[in-house]
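Data first, discussion second: the structure below is written as structure tokens.
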Amino acid sequence: MDTENGVLIKEKHMGTQVTILTDGTRSNGPVSRGLVDHPPILAVGNSFTFGDEVSDDATWPAQLEAETRRRVVNAGVFGYGLDQTILRAEQLVSVESPPSLLSASLLTIF
């Protein structure tokens, strides 16, 4: 439990290959060779960014990392609202110092 944001992910989820790193972010799959040595891109959001129901290497942050050859930090958390997404981004910007921050969320309206 994160005192500022609420829930952070810590375990495998839904039978897919989900790897949560020690900082609470999601792995993008096997370590890619040839990533350029630049500060990472930070991806924040809800289950869409997290990659709910897909394996590590099938999330959009993992695909962006493969395409750009730059490390992408997947800080998406399923169930997060905009307020929690902003708080999570603020936490990680101070740690990662990313030159780019991307936020993606899907909203469900009933």
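General observations
- Test: residue in the range 32-49 that is assigned to a loop (DSSP other than H, G, I, E, B) and of a type in the set (Phe, Trp, Tyr): no
- Qualifying residue in the range 63-82 (condition: touching an Asp or Glu at 6+ places or on another chain (Cβ under 8 Å), within 23 Å of ASN5 (Cβ to Cβ), in a strand (DSSP E or B) and touching a residue at least 12 places away in the same chain (Cβ under 8 Å)): yes
- The range 44-58 - residue that is touching a Lys or Arg at 6+ places or on another chain (Cβ under 8 Å) and more than 14 Å from LEU102 (Cα to Cα) and, of those, surrounded by the most Cβ atoms within 10 Å (Cβ to Cβ): GLY51
- The number of residues in the range 90-105 being in a helix (DSSP H, G or I) and under 15 Å from PRO39 (Cβ atoms) comes to 5.
Each value in this text was obtained by applying a stated rule to the coordinates, not by laboratory testing. Bear in mind the structure is a predicted one, so any value in this text is a computation, not a measurement. Note that we place each Cβ from the backbone using ideal geometry, even for glycine, and neighbour counts take in every protein chain shown.
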